[in-house]
1. Being charged (D, E, K, R), surrounded by fewer than 18 Cβ atoms within 10 Å (Cβ to Cβ) and either in contact with a strand residue (DSSP E or B) (Cβ under 7 Å, 6 or more places away or on another chain) or in a helix (DSSP H, G or I) (or both) narrows it down to one of Glu50, Glu21, so name that one.
2. Scanning the range 71-121 for residues that are in contact (Cβ under 8 Å) with a residue 12 or more places away in the chain and acidic (Asp, Glu), which turns out surrounded by the fewest Cβ atoms within 10 Å (Cβ to Cβ)?
3. Residues being assigned to a loop (DSSP other than H, G, I, E, B), farther than 24 Å from Gly83 by Cβ and out of contact with any Cys (no Cβ under 9 Å at 6 or more places or on another chain): count how many of those fall in the range 95-121.
4. Check Phe243 against each of (1) out of contact with any strand residue (DSSP E or B) (no Cβ under 7 Å at 6 or more places or on another chain); (2) touching a residue at least 24 places away in the same chain (Cβ under 8 Å) and name the one condition it does not meet.
5. Show the residue pairs that are 6+ apart or on different chains and have beta-carbon atoms under 7 Å apart, the first residue being within the range 171-194 and touching a residue at least 24 places away in the same chain (Cβ under 8 Å), the second being buried (at least 18 other Cβ atoms within 10 Å of the Cβ) and polar (S, T, N, Q).
6. Please state which one of Leu77, Leu89, Leu66, Leu136 is under 14 Å from the mean Cα position of the chain (by Cα), of a type in the set (A, V, I, L, M) and closer than 30 Å to Tyr235 by Cβ.
7. Cys29 is checked against (1) part of a helix (DSSP H, G or I); (2) of a type outside the set (S, T, N, Q); (3) touching a strand residue (DSSP E or B) at 6+ places or on another chain (Cβ under 8 Å); (4) surrounded by fewer than 18 Cβ atoms within 10 Å (Cβ to Cβ) and fails just one. What number does that condition carry?
8. It is to be established whether one or more residues within the range 122-140 are buried (at least 21 other Cβ atoms within 10 Å of the Cβ), part of a loop (DSSP other than H, G, I, E, B), among the small types (Gly, Ala, Ser) and at pLDDT 95 or above.
Amino acid sequence: MSKEDRFWFGKVRYRVLEGKEGVREAYDCMAGVYDFSKYLYWTRKMEEAEERAIRKWVDGFSGVCLDVGCGTGRYSLRIARAGVEVVALDLSLKMLKRLRLKAKKSGFCDRVNVVVADGERLPFRENVFDCLVCALAFDHFEDCEGAAGEFSRILKNNGLCVLSVFNGCTLGDFQRRYEFGDKVPFKTEDMSPVLVFEVGHSAGEVEEIFRNYGFAVECVKGCCYWHISRLFEVYYPFWLDSFFNLFRGLLKYAEIHGVLMRKKHGLL
């Protein structure tokens, strides 16, 4: 892939999509080619690293799982493959349709239930899920406190919650460099360049938000430590994540933070 394709977001004209509706519109437009678009090169690269960081946590799920902001189902299908029932929730109907198609092809359709809904306002009763994953979707939420409260409300006591978020420090550096404000760029073969709302959170910020809703952090991991050296943007061996995670002071340089939490009690 050419450097021009990888760094297409340098000098282009954007259409700005505001708020929650803008996020939904963007993902609806991307759904058909989201899994293989060449313009989502960095998305694929970061998702691969993030999966290496948190997959052991997700593979330990049991009972009934809620996948918030599931997209085309990279975690929903993984969890269903292990025999766990999944409720896959997303704002984008078109992303969910892609997930259903993939679930049918994989033979897991009976274990994947799709729901079009807002992760900040979950349409479920209290204490019904054993575990929850929200992978690289939490940063699109405008009301993070509300989302944390909802996660706590629908999870059973002692339930597991796995979050992955873009580090606010490194994401903010990227946004300032290209003057994106509180937004991030997307483009595919089917969609001209757009900017949608996304604000990063450090693992510490996640812990602070969720502590007030009865969660305790059990483990934190980082991945994509590209900010340590510009050379890593060209070549980055994923084994470096495990090495850098040995030094907690380096976590601030990770592009993505993975956080494993357990619900200990209800709202304080």
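1. On the way: Glu50 fails: surrounded by fewer than 18 Cβ atoms within 10 Å (Cβ to Cβ).
After ruling out the rest, the residue left standing is Glu21.
2. To start, the set of residues in the range 71-121 that are in contact (Cβ under 8 Å) with a residue 12 or more places away in the chain comprises 71-100, 102-103, 106, 108, 111-121.
Next, only the ones that are acidic (Asp, Glu) stay: 85, 90, 118, 120.
On the way: Glu85: 16, Asp90: 27, Asp118: 18, Glu120: 21.
Once the filter is applied, the top-ranked residue is Glu85.
3. First, pick out the residues of the range 95-121 that are assigned to a loop (DSSP other than H, G, I, E, B): 107-108, 117, 119-120.
If we keep only those that are farther than 24 Å from Gly83 by Cβ too, we end up with 117, 119-120.
From the residues that got through so far, the ones that are out of contact with any Cys (no Cβ under 9 Å at 6 or more places or on another chain) too are 117.
Adding up the residues that qualify gives 1.
4. (2)
5. Thr188/Ser37; Glu189/Ser37
6. On the way: Leu77 fails: under 14 Å from the mean Cα position of the chain (by Cα); Leu89 fails: closer than 30 Å to Tyr235 by Cβ; Leu66 fails: closer than 30 Å to Tyr235 by Cβ.
The match here is Leu136.
7. If we test Cys29 against (1) part of a helix (DSSP H, G or I); (2) of a type outside the set (S, T, N, Q); (3) touching a strand residue (DSSP E or B) at 6+ places or on another chain (Cβ under 8 Å); (4) surrounded by fewer than 18 Cβ atoms within 10 Å (Cβ to Cβ), just (4) comes out false.
8. Yes; the residues of the range 122-140 include at least one that is buried (at least 21 other Cβ atoms within 10 Å of the Cβ), part of a loop (DSSP other than H, G, I, E, B), among the small types (Gly, Ala, Ser) and at pLDDT 95 or above.
The values are calculated or read from the model by the stated rules, or taken from the named source; none is laboratory data. Since we're looking at a predicted model, the values are computed, not measured. Virtual Cβ from ideal backbone geometry, glycine too; neighbours counted across all protein chains shown.
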